[in-house]
């Protein structure tokens, strides 16, 4: 079994933090996306979408998409549960994880993808979209600050996959100069707490 | 228990098709998003994100996000499994469902959101983004046609949640004049087969 990943990107980080929370050790292999190694024919056999991370199992099965890899490991080793155990927990944690993906992670990465030199020539960048995405991300930070005024973690009183998605998004936002504002004390308190977990360094 | 939804939108359809495949009956209540009923203070109590669908349980718990609602019901009634049973199935089906969401559903709905009269004044539309999203959707149709040349359903030999996501996206694409091309015979064959299931009419 091997996890093909890239340390600098936000999606592979979600998987690394998840594995650290589970205490699961998997050999990693870096795929240097800066030099385009994920565009090679060899890599495309694992993932025709040509993105990291990809988990390749011993039987050759290749699972791509960060959340698919996390769900594979959640099924293999349910404890500690990061996607919930009861039907209501499962539903509510997925709801919060999706909210973090669509309203935080997505506008943050859209800002970067459409404005960064890295993506120039790699994707059709739309400069007009950058400020729309940036404002959406900033608005979500404000909303997240309110949410975290009422609950310790994103999905309630337990650390879950939704915290991992939110942490990776909030940290990656700094690359595009989207930062937690001084008035957003709940968001800052939460970030400090989740960043202090050993998994955040994974 | 009640499902707040809107018949004309693609996300609520995913939940209706899912419930029909499971044989689960839930009372529906239409939220007329055309007249802005999802923006009311009453509705915001269920979902501050102000989108349909939302499932409200008897204890008042409100679960929004289509996939969160589906996962709640998958946990309550596992059969027939639409998200997989073994760890590998769970990982692979989530991978395919995510691919359908990010590479088919998203560009299809992005095209609509940024070009339709319905969203004018409701979201900051970016006209320059429309053709980028449209081309991405068309490219994904071509890729999907290749995929379906090798397997009966999106995730392999079984009907899964990934087929539901893909069907709702492919059908909704027609609103933006993105259609299955005559040469895309595998995609057309698949669409005919999944559309013939009683759930497709839900």
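Residue pairs whose Cβ atoms lie under 6 Å apart, sitting 6 or more positions apart in sequence or on different chains, and linking a residue in segment B:90-110 that is more than 10 Å from chain A (Cβ to nearest Cβ) and under 17 Å from residue B:152 (Cα atoms) to a partner that is crowded, with 24+ Cβ neighbours inside 10 Å and at pLDDT 95 or above, are B:100/B:162; B:100/B:165; B:100/B:166. Does residue A:100 meet the test of being touching a strand residue (DSSP E or B) at 6+ places or on another chain (Cβ under 8 Å), modelled with pLDDT of 95 or more and under 30 Å from residue B:84 (Cβ atoms)? No. Just so you know, in segment B:40-59 the residues that are free of Cβ contacts under 8 Å to residues at least 40 places away in the same chain and within 11 Å of chain A (Cβ to nearest Cβ) include one that is surrounded by the fewest Cβ atoms within 10 Å (Cβ to Cβ), and it is B:59.
Among the residues of segment B:106-115, none qualifies, meaning not one is at pLDDT 95 or above, more than 17 Å from residue A:63 (Cβ to Cβ) and not assigned by TED's automatic domain parsing to the domain that holds residue B:166. Residues that are over 15 Å from residue A:26 (Cα atoms) and more than 7 Å from chain B (Cβ to nearest Cβ) within segment A:71-81 comprise A:78, A:79, A:80, A:81, listed in sequence order. With respect to (1) within 13 Å of chain A (Cβ to nearest Cβ); (2) touching a helix residue (DSSP H, G or I) at 6+ places or on another chain (Cβ under 7 Å); (3) surrounded by fewer than 21 Cβ atoms within 10 Å (Cβ to Cβ); (4) farther than 28 Å from residue A:113 by Cα, the lone exception for residue B:160 is condition (3). Restricting attention to segment B:163-187, the residues that are free of Cβ contacts under 8 Å to residues at least 60 places away in the same chain and crowded, with 16+ Cβ neighbours inside 10 Å add up to 5.
Hey, can you tell me all the residues within segment A:6-27 that are in contact with a strand residue (DSSP E or B) (Cβ under 9 Å, 6 or more places away or on another chain) and more than 15 Å from residue A:57 (Cβ to Cβ)? Listed by number, the residues that qualify are A:6, A:7, A:11, A:12, A:13, A:16. Report yes if residue A:68 is surrounded by fewer than 21 Cβ atoms within 10 Å (Cβ to Cβ), within 9 Å of chain B (Cβ to nearest Cβ), closer than 19 Å to residue A:17 by Cα and modelled with pLDDT of 95 or more, otherwise no. Taking the combined requirement at face value, the residue does not satisfy it. Among the residues of segment A:1-21, write down those that are surrounded by 19 or more Cβ atoms within 10 Å (Cβ to Cβ) and touching a helix residue (DSSP H, G or I) at 6+ places or on another chain (Cβ under 6 Å). Passing the criteria: A:5, A:6, A:10, A:11, A:13, A:14, A:15, A:17, A:18, A:21. Scanning segment A:127-157 for residues that are buried (at least 22 other Cβ atoms within 10 Å of the Cβ) and assigned to a loop (DSSP other than H, G, I, E, B) yields a total of 2.
The values are calculated or read from the model by the stated rules, or taken from the named source; none is laboratory data. Since this is a predicted model, take the numbers as computed values, not measurements. Cβ atoms come from the backbone with ideal geometry, glycine included; neighbour counts cover every protein chain shown.
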